[in-house]
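These notes are about the structure you will find just below.
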Amino acid sequence: MSFKGEYQIANLEERLPNNEVRCNLSPRNCKMKEGQLGFCGVRGNRDGRLVTYTFGKGVHLTEELIETEAIYHFAPGAKILSLGNIGCNLNCQYCQNWKTSQAKFVEDKDVHSFTPESIIETALRHDIRVLSWTYNDPVVWHEFVIATAKLAKKAGIYNLYKSACFITEEALDELLPHIDIFSVSIKAIDEAYYRKLTTGWLQPVLNATKKIYKAGKHLEVSNLMITDVSDNEQSARNMTGWVLENLGPEVPLHFVRFHPEYRMRDTVRTPIDRLEKAQAIAKEMGMQHVYLGNVANSEATSSFCNSCGSKLVHRFGLAAHLESLQDDATCAKCGKAAHFNALDLKNKSAVVMQPDKEFRRHDYDWRGDIISLHVQAKNPSDQPASIYYRAKNAELDYWKEIAMAPGESYRFILAKSNEKDTGLEIALPDYIVSNLFEVFDRAHFPTISIEEGVSENDRTALPKFEGKQIPDKLKLSLAEPKS
Ligand code: SF4
């Protein structure tokens, strides 16, 4: 299926003389002649009208956990249905999803079709109460996000929007009524960084983030710290200072570990001591909830009461376990408010059963920094089927079940949730078609399965970008601390 085969009239169209159109969805405001595409490659001018080519088209939907999205203070541990589009209005030089975010690299095999109704039906069938618009930036999926989010709301399902928020004010006005939770990625408080590494610019991102905060939405901010570029102390001070001045000290702030990818492969993952330094700086400056992302370590990722220091939520990797946090979002030890939302949203426990001894097995051992997997499975039969999984852990010897409807194709994440887990076992009927995908970091959508190829290291996923890497002198010029 070529994703450019079908299209529909898009929102935020400005019709111009000579059959030209302008798109007012993102601050690029692309002006297009008949037949041209915008920068994102998924919106264009057809017969003098602005159209979107990706309504109902995206990558495979995937069940994940809310922690995948750098959201720690809304329904910890909740299952989400992650929905990723194709195309993007940015072109970040380190994008971990470049294979699907840059329209020119998208392959038909990675494009799937949905309707708003089919997404809601899948979410409800799997007992999922949060839709997450994620992976590639959802800005360019605007019309489909809004159409589906409206239906979700009617069905009692929340909408989470994970974005770099390079969006116009008028587009955000259309979006805001439909989204409950925003995970905003601010790359750096540095115009030169935005221009050179993202192809976007800073002010629209800051304006959008302030507007989301003022609208009273659940908001968490994350900052990817790029090795030797934006992982210095001044960068952490600038980010924290901006959040304190323009949002508030209660907004959770996540400093996120980077892995080498796309045009920035010739480097290493962010050293953890630099992330820890950033966390300490933000706390010293007055932020109340500061976390590290893409780091399994439970101390840096767990939530503690700011008044008495009790552990409220224990986290390891993507797993969250409530400790002293009460249903009314206060600390059980001292009674102080802890800034959490939607604590009534509890997952039904996965059914614990034994798989049939004859079932086919996948056996996977965690390696290095890779501590989660996507499992993609298709049930070609006209009968319901089940897939079973369990951690390889001498202290935990039970299987959990994922139920699949007849004909269903489903993708879900499984993650290391304990220091003692060494890997995973998956058991499934022979007729289920299945593939495993190594997930390198949160919100990474891998396109190459283990069966097709495995990266020789735990730093850069397959496929590796074959074009030019960015020059070192550019990285160095951006790494100069700016006060
Ligand atoms: S959404 Fe796409 S077409 Fe519209 S302004 Fe942004 S890059 Fe251009």
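The values are calculated or read from the model by the stated rules, or taken from the named source; none is laboratory data. Fair warning: this is a prediction, and the values are worked out from it, not measured in the lab. Methodologically, a virtual Cβ is constructed for each residue, glycine included, from the backbone with ideal geometry; neighbour enumeration extends over all protein chains shown. Just the protein is used for accessible areas: all its heavy atoms, side chains included, with ligands, DNA and RNA removed. Shrake-Rupley method; radii C 1.70, N 1.55, O 1.52, S 1.80 Å.
Give segment 229-275 a look and list any residue that's farther than 25 Å from residue 96 by Cα, open to solvent by 10 Å² or more (accessible area, probe 1.4 Å) and small (Gly, Ala, Ser), or say none.
241
Name the one entry in 327, 266 that is within 19 Å of residue 94 (Cβ to Cβ), at pLDDT below 95 and part of a loop (DSSP other than H, G, I, E, B). Don't jump to the end; show me each part of the working.
Details: 327 fails: within 19 Å of residue 94 (Cβ to Cβ).
One residue alone meets the criteria, 266.
Taking the criterion of being charged (D, E, K, R) and over 29 Å from residue 239 (Cβ atoms), would at least one residue in segment 469-482 satisfy it?
Scanning segment 469-482 turns up no residue that is charged (D, E, K, R) and over 29 Å from residue 239 (Cβ atoms).
Any idea how many residues of segment 334-353 are surrounded by 12 or more Cβ atoms within 10 Å (Cβ to Cβ), assigned to a loop (DSSP other than H, G, I, E, B) and not hydrophobic (A, V, I, L, M, F, W, C)?
5
Quick one: in segment 32-56, of everything that is open to solvent by 80 Å² or more (accessible area, probe 1.4 Å) and either in contact with a Leu (Cβ under 7 Å, 6 or more places away or on another chain) or over 26 Å from residue 98 (Cβ atoms) (or both), which residue is farthest from the ligand (Cβ to nearest atom)?
That would be 47.
Can you pull out every residue in segment 21-30 that is free of Cβ contacts under 8 Å to residues at least 40 places away in the same chain, closer than 20 Å to residue 195 by Cα and either β-branched (Val, Ile, Thr) or more than 7 Å from the ligand (Cβ to nearest atom) (or both)? Step through it out loud before you land on a result.
Residues of segment 21-30 that are free of Cβ contacts under 8 Å to residues at least 40 places away in the same chain, as a first pass: 21-23, 30.
Next cut, closer than 20 Å to residue 195 by Cα only: 30.
None - no residue of segment 21-30 is free of Cβ contacts under 8 Å to residues at least 40 places away in the same chain, closer than 20 Å to residue 195 by Cα and either β-branched (Val, Ile, Thr) or more than 7 Å from the ligand (Cβ to nearest atom) (or both), so the list stays empty.
Any chance segment 232-239 includes a residue that's acidic (Asp, Glu), closer than 22 Å to residue 91 by Cα and touching a residue at least 12 places away in the same chain (Cβ under 8 Å)? Before you say what the answer is, go through the steps one by one.
First pass over segment 232-239, keeping only residues acidic (Asp, Glu): 233.
Still in the running and closer than 22 Å to residue 91 by Cα: none.
No, because not a single residue in segment 232-239 is acidic (Asp, Glu), closer than 22 Å to residue 91 by Cα and touching a residue at least 12 places away in the same chain (Cβ under 8 Å).
Considering only residues that are open to solvent by 40 Å² or more (accessible area, probe 1.4 Å) and among the hydrophobic types (A, V, I, L, M, F, W, C), which ones fall in segment 193-223? Break it down stepwise before answering.
Going residue by residue through segment 193-223, those that are open to solvent by 40 Å² or more (accessible area, probe 1.4 Å) are 195-196, 199, 201, 203, 207, 210-211, 213-217.
Once the filter is applied, which keeps residues that are open to solvent by 40 Å² or more (accessible area, probe 1.4 Å) and among the hydrophobic types (A, V, I, L, M, F, W, C), segment 193-223 yields 201, 215.
Scan segment 77-96 residue by residue and report those that are away from the ligand (no atom under 14 Å from the Cβ) and open to solvent by less than 10 Å² (accessible area, probe 1.4 Å).
78, 80, 81, 82, 83, 84, listed by residue number.
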